[in-house]
């Protein structure tokens, strides 16, 4: 099914090129997938297969500064920059669409909605406006600890395994090359621009918390939060704080999954998101004249 995907390039308002995989019928309701910080669109591979098999149109793109998308010459990596990118991609659709955003992708979605984007529904994958700072610090520390790269692919795989021991390590670490690039000194570097972590996480959290208030004024926008029960980013307190803003919030807890839910428990994640997408996009299609 993934062979039906077309590599597509969108051009952001500031000229940054955003590389995406796009598949499904142009007339079908769409799902836009937004990966987390430090990831690429390849983190959604299995979800894309399921969504296409269910008849949805899919747009799965690398965020600016990640994967095959351009690095911003000016270091423009604020959430408002990312929200503008999402608006550019959504403007190319003539059908109802659902946003599915993991971590940074979820934060981007909230800010884009605050700036006027109107999806048929929103799925936030292990992110809330008030995340547990301990989990966020662990993620940022992992990213900052390896800016110098790795001597071998196996060394990079060992670092990933140490960060996420819950996930079964692959016998073949060559697949990790989707997340690496070869530096001029022969070392293997992460695929992302180091400037994406230049600002303190608290700065971005403040932007998301302010933007999330707009969700209270959109009572007809369905919101699903998918939480990994082993996550150290989304706590009960964070969910309670979010529910005070969005009482209609739906919650899907995924057992045996941490922050990287789509990779830890693909089956449960895909089933839950597809059920939500069917319900929301079918309802939107019925209400559209």
*Of the conditions (1) out of contact with any strand residue (DSSP E or B) (no Cβ under 9 Å at 6 or more places or on another chain); (2) modelled with pLDDT of 95 or more; (3) more than 21 Å from residue 193 (Cα to Cα), residue 46 fails just one. Which one is it?*
(2)
_Tally of residues being without any contact (Cβ under 8 Å) to a residue 60 or more places away in the chain and either outside any helix (DSSP H, G or I) or over 21 Å from the mean Cα position of the chain (by Cα) (or both) across the range 173-194_ = 12
*Is it fair to say residue 32 is at pLDDT 95 or above, part of a helix (DSSP H, G or I) and touching a strand residue (DSSP E or B) at 6+ places or on another chain (Cβ under 6 Å)?*
no
*Taking the range 220-234, which residues are surrounded by fewer than 20 Cβ atoms within 10 Å (Cβ to Cβ) and modelled with pLDDT under 95?*
220, 229, 230, 232
*Considering 52, 79, 34, which residue is surrounded by 16 or more Cβ atoms within 10 Å (Cβ to Cβ) and over 29 Å from residue 214 (Cα atoms)?*
52
*Restricting attention to the range 4-18, and to residues there that are surrounded by 15 or more Cβ atoms within 10 Å (Cβ to Cβ) and over 19 Å from residue 112 (Cα atoms), which single residue is modelled with the lowest pLDDT?*
5
*asked:* Going by what's in this entry, would residue 55 be described as in a loop (DSSP other than H, G, I, E, B) and farther than 30 Å from residue 255 by Cα?
replied: no
*Please go through the range 195-210 and pick out each residue that is within 16 Å of residue 148 (Cβ to Cβ) and over 18 Å from the mean Cα position of the chain (by Cα).*
195
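The values are calculated or read from the model by the stated rules, or taken from the named source; none is laboratory data. Computed from a predicted structure; not experimentally measured. Cβ coordinates were reconstructed from backbone atoms using ideal geometry, including for glycine residues, and neighbour counts include every protein chain displayed.
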